[in-house]
1. Only one of Gly68, Gly79, Gly55, Gly111 is in a loop (DSSP other than H, G, I, E, B), modelled with pLDDT of 95 or more, farther than 26 Å from Val197 by Cβ and over 35 Å from the mean Cα position of the chain (by Cα); which?
2. In the range 124-133, what residues are open to solvent by 10 Å² or more (accessible area, probe 1.4 Å) and not small (Gly, Ala, Ser)?
3. For Ala119, only one of the following conditions fails: (1) more than 12 Å from the ligand (Cβ to nearest atom); (2) touching a residue at least 40 places away in the same chain (Cβ under 8 Å). What is its number?
4. Only residues that are among the β-branched types (Val, Ile, Thr) and surrounded by 15 or more Cβ atoms within 10 Å (Cβ to Cβ): list them for the range 285-321, please.
5. Considering only residues that are within 16 Å of the ligand (Cβ to nearest atom) and in a helix (DSSP H, G or I), which ones fall in the range 82-108?
6. Take the residues of the range 322-367 that are of a type in the set (Phe, Trp, Tyr) and within 16 Å of the ligand (Cβ to nearest atom): which is most open to solvent (accessible area, probe 1.4 Å)?
7. Name every residue in the range 146-181 that is aliphatic (A, V, I, L, M) and surrounded by 19 or more Cβ atoms within 10 Å (Cβ to Cβ), in order of residue number.
8. Which of the helices (runs of 4 or more DSSP H) found entirely inside the range 130-246 contain at least 3 residues meeting this: modelled with pLDDT of 95 or more and of a type in the set (Gly, Ala, Ser)?
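The values are calculated or read from the model by the stated rules, or taken from the named source; none is laboratory data. Since the model is a prediction, treat every value here as computed from it, not as a measurement. Glycine also receives a Cβ, built like all others from the backbone with ideal geometry; neighbour counts cover every protein chain displayed. Note: areas computed on protein heavy atoms with side chains; ligands, DNA, RNA excluded. Shrake-Rupley method; radii C 1.70, N 1.55, O 1.52, S 1.80 Å.
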Amino acid sequence: MSGEQRSHKLWGGRFSVPTAAALEALNRSIGIDYRLWPHDVRLSKAWAMALWGAGVLTLEESTAIETGLTRVGDRLEEGAQPEPSDEDVHTMIDRMLHEEIGDVASKLHTGRSRNDQVATATRLWTMEAAGELDKRVRSLQQVMIEQARKLEHDLMPAYTHLQRAQPVSGAHWMLSHFWPLERDRARIATVARNTAVLPLGSGAIAGSAYPISRVLLQGSLGFTSLSPNSIDAVGDRDFVAEMLFCVAMLGVHLSRLSEDLILYGSSEFGFVKFGEAFTTGSSMMPQKRNPDALELARGSGARTLGDLTSLLATLKGLPSGYNKDLQDDKRALFGAVDLMMLVLPAVAGTLGEITFDRQRMSAALSSTMMATDLADYLVGKGSTFREAHEAVGAIIREGEKRGCELTELPLEVFSSAHPLFGSDTMEWLDPAQSVARRGVPGGTGPEAIKAQLEAAAMAIQPSRDIPRGNQLSIA
Ligand code: ARG
């Protein structure tokens, strides 16, 4: 008996020569899709029941298959490894089921195809991954809120074009990284909902020829609706693309947070001091403490972007129905999600042990950052903003010429730039006043910050509900 004949295959009857080793090597996806086994076991049990419901299997047969699948699941749980000849996870489980219960296992694949099977298993995996991602993003958001609370009354420069722009509360800066993650969580929850459409029952392309109840399958597997078109159902990977977009966007957000922290942690800025558990040293320079976790997070943004691009490029040229190109969806999906699962706790840990140097932060507030406030002062006294802008510009020029802060200029410089400048002008150069004036919702004023902190804490309180078909209340 050749090795070829011994290997367990779900196809092969129409072939008279063995598959070339080079094709087998390329075609084999078990290394990547092995982890789908819990979902494949689960959907296979549901399928066995559906086949009994359709009168294809007797109750004993269906029960034997279910019991066999439980034993297969137990073996895999205990660490059973695929055999080198297993083409993919579906083949592996089929082989193991045969080992457990013998020939009756051959009846399980009636009316289904690996095409609807893999689409279903990948959706189940994605729905679960959405919940896991949500948890990890929320943990990072929790750290952000804790740091923001500590910085509530500390001022720092906010930057536009990486140039000092206006003073803000440190909490305002910290929370500016919180809300993008909140949008990420909302997007991930939407993807979970969009993913809960059941493809099982679509067969290879035209739908199953057996009268199985797809509605019961939908309910027992936790989907919210049925795919309305079998051709679409087996070739649809929109949910993978959507999840990859969410992850890529999340990667972009983590990258921007990391970049801020790396920059603020440089000696030149000195706003941030890194802790020791999430930094590394240099093999040559004894003084170094490097923010590797943040740099890796920044780098991972590039990888997740690549995963999204590669999937979209795969999809765009495909004819309708299932094509083997789709096998690569899982490499991109698992790779991107795994990466985020690693990155999120590392970023949360790094941020959690960071301390802020309040002196450095406030020392970076220069008087010219209150230039807009000076213009607002004149507007308050009746000037137009345009005229005020011009006058303050002249004062800035004068400060630059004398090489001093605006606070060091004599009052005459102000009043000659604009007659409306009075004796209270200097108060408008106080950064705390500048911040206090910005009390609009979403602004950096103390009350607005308090409200923002409350809103942030509220946002992460309840776990975002990812509805499953079998958890919905039926009206
Ligand atoms: N391993 C395959 C995949 O991941 C399963 C589907 C195979 N379908 C087929 N017609 N060969 O896409």
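1. From the options Gly68, Gly79, Gly55, Gly111, the qualifying one is Gly55.
2. Hits for the range 124-133 are Trp125, Glu128, Glu132.
3. Failed condition: (1).
4. Thr304, Thr314
5. Matches in the range 82-108: Val89, His90, Thr91, Met92, Ile93, Asp94, Arg95.
6. Going through the qualifying residues, I end up with Tyr322.
7. Once the filter is applied, which keeps residues that are aliphatic (A, V, I, L, M) and surrounded by 19 or more Cβ atoms within 10 Å (Cβ to Cβ), the range 146-181 yields Ala148, Leu151, Leu155, Met156, Val168, Ala171, Met174, Leu175, Leu181.
8. Here the list reads 178-195, 230-235.
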